[in-house]
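Scroll down for the structure; my scribbles are underneath it.
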Amino acid sequence: VRFGADGPIVEAARGATILDAARAAGFFIDSLCGGDGHCGKCRVVVREGNVSGGAAAPLTPEEIAQGFALACLARIEDDALIDIPERSLLREPAPHSGDLRVSRGAGFADEGAVAELDPLVRRLSLRVATPTLENNAADFDRLETAARAALPPNAAIRADLDVLRALPAALRLSDGAVSVTVAWSEGSYRILEIAPAEAVASNLAVALDVGTTTLAAHLVDLTTGATLAAALRYNGQAAYGADVIRRIIWCDSENGGLERLQGITAADVNAMIEDMCEKAGHPREEITAIAAAGNTTMIHLLLGVTPRWIRREPYTGAMRQPPPVRASGVGLAIHPAGLLYCLPSVSGFVGADITAGVMACGLDVGGAVRMLVDIGTNGEIVIGNKDWMVAASASAGPAFEGAGNRDGMRATAGAIDHVGGLAADGALRFTAIGGAPPVGFCGTAYVDLLAELLRAAVMDKAGKFNAAAGSDRLRENSDGTPEFVVVRAGESGAERDLAITRDDVANLMRAKAAIYAAIKVLLRSVGLRFDDIEEVLVAGAFGAFLDMPNAVSIGLLPDLPAARLRFAGNTSLQGAKMAALSVGHYNRARRIADKMTYFELSTDPNFMDEFAAACFFPHTHIEEFPSVRSGRGASGVLSRQDNVKCKMRNEKPRMRAHKA
Ligand code: FES
């Protein structure tokens with residue numbers, strides 16, 4: 001099978017899907033529904049050859065006539081030439097969370113937040129006393145005496161058998177001058193390696209955020225605390241479904257599925273490590289630790305532990321606090337003795353990414369009650385202070401990651417990320433990531449679009465398009481579904497109109513309602529009201545580019561004064577980095593996870609009522625949104641036209657004007 005007229009050729013077994021053949025050829029085709037034939041994201045064009053199946057809905061009859069097929073259903077029967085349209089490919093994500101700095105704004109922990117370096121792994125240069133008749137203590141005892149002086153008081157030290165085997169020769173070879181690598185593990189320092197003193201190398205770690213959609217990593221120097229390089233990459237598992245439930249199902253149903261998904265993550269992380277090491281000019285063997293945060297399913301898959309039971313009532317994972325393990329044991333290529341530290345999770349659906357986020361935002365410090373909202377593939381919410389914390393997960397689905405909507409896509413080149421200025425005359429402005437021709441909408445654009453459609457009365461508060469508004473962008477598509485055209489085919493990189501459909505609106509409304517309802521139920525569970533919350537922190541890549549006033553005006557976020565709503569950036573990555581640089585923070589993450597009380601919303605009798613009430617723009621109870629009711633908007637919040645966001649993407653402000 002050849003992909004593209006000048007592209008690579010791969011051998012595929014007769015009956016293999018085009019999706020599998022494309023993977024073998026190194027192409028990652030978007031397959032949101034995990035190959036169920038529902039999402040229509042995996043469109044390819046069969047130019048030549050014989051394939052069976054694949055010519056099915058959601059493809060339109062016109063597309064089928066043009067040779068389009070669903071790659072997940074189309075089976076190869078003979079030699080074939082396949083074209084993969086640009087919009088069907090998973091490209092590199094926008095580089096916001098790969099920036100060296102991940103947190104923004106005063107008060108957030110960032111590069112300098114770990115004031116005292118106390119890294120998970122240390123390299124100690126020691127001079128171990130030579131044994132004499134007067135001091136004939138065993139080699140390990142003399143080593144321990146020397147190491148204690150370089151470690152925190154009362155630190156226990158232990159060595160594995162392979163280290164003990166190497167110890168006598170290492171001490172005598174260098175006359176007692178040795179470099180000892182020790183790692184914090186389960187309450188004591190474990191010696192990973194003993195080497196001659198002159199072999200001293202840098203001591204590096206990787207902080208890793210394993211997101212369902214995106215992986216982000218920083219390479220940090222454990223001696224100085226400096227961040228040396230960053231990497232960002234789509235999670236290759238996305239080819240097996242957009243959300244954790246689909247991945248678990250795939251893993252469960254396929255022979256060797258768990259090993260496959262684990263291997264994909266390991267390969268992704270290794271590629272990021274290679275990339276960062278190259279940028280920073282260090283060999284990967286100098287990396288002695290990886291500190292990883294991520295949702296509970298992603299951490300299970302990273303470790304190769306089945307996440308099967310997370311999706312079944314009562315939603316329990318195999319573990320909450322995995323012990324440090326050899327990175328090599330899960331296929332991660334760093335120092336042969338290097339360790340992988342996974343931060344602790346709270347429950348099956350409140351993971352280590354949230355524990356790390358709480359730590360990065362300092363929610364567990366001080367008496368003020370604050371809220372962390374992480375809008376990723378799902379929406380997780382934590383409320384609390386130093387004394388207590390409650391958490392819940394709203395199964396919002398990946399709608400705000402651009403998925404599940406007809407022209408939705410991830411935040412990558414060509415994705416429209418902001419929309420504004422929908423005026424009565426139909427003038428419309430938008431920005432697309434990378435300045436590329438627009439090929440779809442990412443989540444932040446949908447938030448803007450909903451807000452603009454409401455403002456211009458093109459859509460009513462129930463999410464229905466209003467034909468009486470007289471917009472010539474409103475129409476019915478070929479299957480009779482009402483839609484609003486944002487970009488005409490002539491201006492679109494997808495060579496067709498880009499629109500938001502009535503079904504997209506309903507999908508987005510459900511997602512925002514789930515998040516808002518979860519916030520309400522959680523607040524009620526602790527007897528608080530929005531007024532009691534001193535600050536709402538919005539985390540995640542989506543949050544970093546979200547237009548807050550628009551998020552409030554559609555009812556995604558509570559209507560609080562601008563000063564009390566803040567972006568928090570990739571707090572999962574930041575928390576992982578804090579743990580890598582400090583044993584104290586690593587242990588603190590464990591205390592945070594133990595302290596958090598998880599609320600299972602699926603069994604809460606109030607949740608469905610709150611959800612139903614929130615299925616309206618902004619909400620059935622408009623009194624909960626005073627600024628929207630008064631028409632003044634959430635005053636003073638950063639607006640999308642600010643140069644701030646453009647600067648964050650290292651791009652010039654570039655709203656383009658489009659006339660109907
Ligand atoms: S339709 Fe093919 S992956 Fe969803």
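The values are calculated or read from the model by the stated rules, or taken from the named source; none is laboratory data. Everything numeric here is computed off the predicted structure, so don't read it as measured data. Cβ atoms come from the backbone with ideal geometry, glycine included; neighbour counts cover every protein chain shown. The area values use the complete protein model at the heavy-atom level, side chains included, leaving out ligands, DNA and RNA. Shrake-Rupley method; radii C 1.70, N 1.55, O 1.52, S 1.80 Å.
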Could you go through the stretch 444-456 and let me know if any residue there is modelled with pLDDT of 90 or more, over 17 Å from HIS619 (Cα atoms) and surrounded by fewer than 22 Cβ atoms within 10 Å (Cβ to Cβ). no
In contact (Cβ under 8 Å) with a residue 60 or more places away in the chain and closer than 30 Å to ASP162 by Cβ: does that describe ALA293? yes
From the list ASP364, ASP353, pick out the single residue that is closer than 21 Å to PHE567 by Cβ, touching a residue at least 40 places away in the same chain (Cβ under 8 Å), open to solvent by 10 Å² or more (accessible area, probe 1.4 Å) and in a loop (DSSP other than H, G, I, E, B). ASP364
Out of all the residues in the stretch 20-32, which are open to solvent by 10 Å² or more (accessible area, probe 1.4 Å) and within 11 Å of the ligand (Cβ to nearest atom)? ASP30, LEU32
Residue that is crowded, with 18+ Cβ neighbours inside 10 Å and either at pLDDT 95 or above or of a type outside the set (Phe, Trp, Tyr) (or both), where the choices are GLY470, GLY463: GLY463
Search result, residues across the stretch 64-80 that are open to solvent by 30 Å² or more (accessible area, probe 1.4 Å) and either within 14 Å of the ligand (Cβ to nearest atom) or not in a loop (DSSP other than H, G, I, E, B) (or both): ILE64, ALA65, PHE68, LEU73, ARG75, GLU77, ASP78, ASP79
Any residue in the stretch 463-479 that is free of Cβ contacts under 8 Å to residues at least 60 places away in the same chain sitting within a Cβ distance under 7 Å of a residue that is open to solvent by 60 Å² or more (accessible area, probe 1.4 Å)? List the pairs, counting only those 6 or more apart or interchain. PHE465/ARG502; ASN466/ASP460; LEU474/ALA467
Filtering the stretch 1-32 down to residues that are modelled with pLDDT under 85 and at negative phi yields ARG23, ALA24, PHE28, ASP30, SER31, LEU32
So, of the residues in the stretch 48-58 that are within 13 Å of the ligand (Cβ to nearest atom) and among the small types (Gly, Ala, Ser), which turns out to be least open to solvent (accessible area, probe 1.4 Å)? GLY54
Evaluate the stretch 388-409: report whether one residue or more is of a type in the set (Lys, Arg), touching a residue at least 24 places away in the same chain (Cβ under 8 Å), under 30 Å from LEU454 (Cβ atoms) and in a loop (DSSP other than H, G, I, E, B). yes
Go through the stretch 434-443 and report how many residues are assigned to a helix (DSSP H, G or I) and open to solvent by less than 10 Å² (accessible area, probe 1.4 Å). 1
Among the candidates ARG260, ARG247, single out the residue that is closer than 18 Å to GLY211 by Cα, part of a helix (DSSP H, G or I) and open to solvent by 40 Å² or more (accessible area, probe 1.4 Å). ARG260
Pull up the stretch 33-47, narrow it to residues that are near the ligand (Cβ under 6 Å from one of its atoms) and open to solvent by less than 20 Å² (accessible area, probe 1.4 Å), then point me to the one that is modelled with the lowest pLDDT. CYS33
Selected residue (criterion: surrounded by the fewest Cβ atoms within 10 Å (Cβ to Cβ)) from residues of the stretch 190-204 that are touching a His at 6+ places or on another chain (Cβ under 8 Å) and in a strand (DSSP E or B): GLU193
Expected output for the stretch 21-50 (first residue closer than 14 Å to VAL10 by Cα, partner among the aromatic types (Phe, Trp, Tyr) and away from the ligand (no atom under 12 Å from the Cβ), Cβ below 7 Å, 6+ apart or cross-chain) is ALA22/PHE3; ALA25/PHE3; PHE27/PHE3
Hey, among ASP497, ASP503, which residue is over 18 Å from ASP547 (Cα atoms) and open to solvent by 40 Å² or more (accessible area, probe 1.4 Å)? ASP503
Evaluation of GLY329 against (1) open to solvent by less than 60 Å² (accessible area, probe 1.4 Å); (2) outside any loop (DSSP other than H, G, I, E, B) (one fails), failing number: (1)
Identify, please: which residue in the stretch 134-143 is out of contact with any helix residue (DSSP H, G or I) (no Cβ under 9 Å at 6 or more places or on another chain) and at pLDDT below 95 and is, among those, least open to solvent (accessible area, probe 1.4 Å)? ASN136
Scan the stretch 208-221 and give yes if some residue there is under 21 Å from ARG326 (Cα atoms) and open to solvent by 10 Å² or more (accessible area, probe 1.4 Å), otherwise no. yes
Could you list, in sequence order, all residues of the stretch 586-606 that are within 20 Å of ILE383 (Cα to Cα), touching a strand residue (DSSP E or B) at 6+ places or on another chain (Cβ under 9 Å) and open to solvent by 30 Å² or more (accessible area, probe 1.4 Å)? ARG588, LYS595, THR597, TYR598, PHE599, GLU600, ASP604
Among the listed residues ALA242, ALA207, ALA230, ALA271, identify the single one that is within 27 Å of ALA360 (Cα to Cα), touching a Lys or Arg at 6+ places or on another chain (Cβ under 8 Å) and outside any helix (DSSP H, G or I). ALA207
Test: residue in the stretch 30-42 that is over 23 Å from THR412 (Cα atoms) and either of a type in the set (Asp, Glu) or in contact with a helix residue (DSSP H, G or I) (Cβ under 8 Å, 6 or more places away or on another chain) (or both): yes
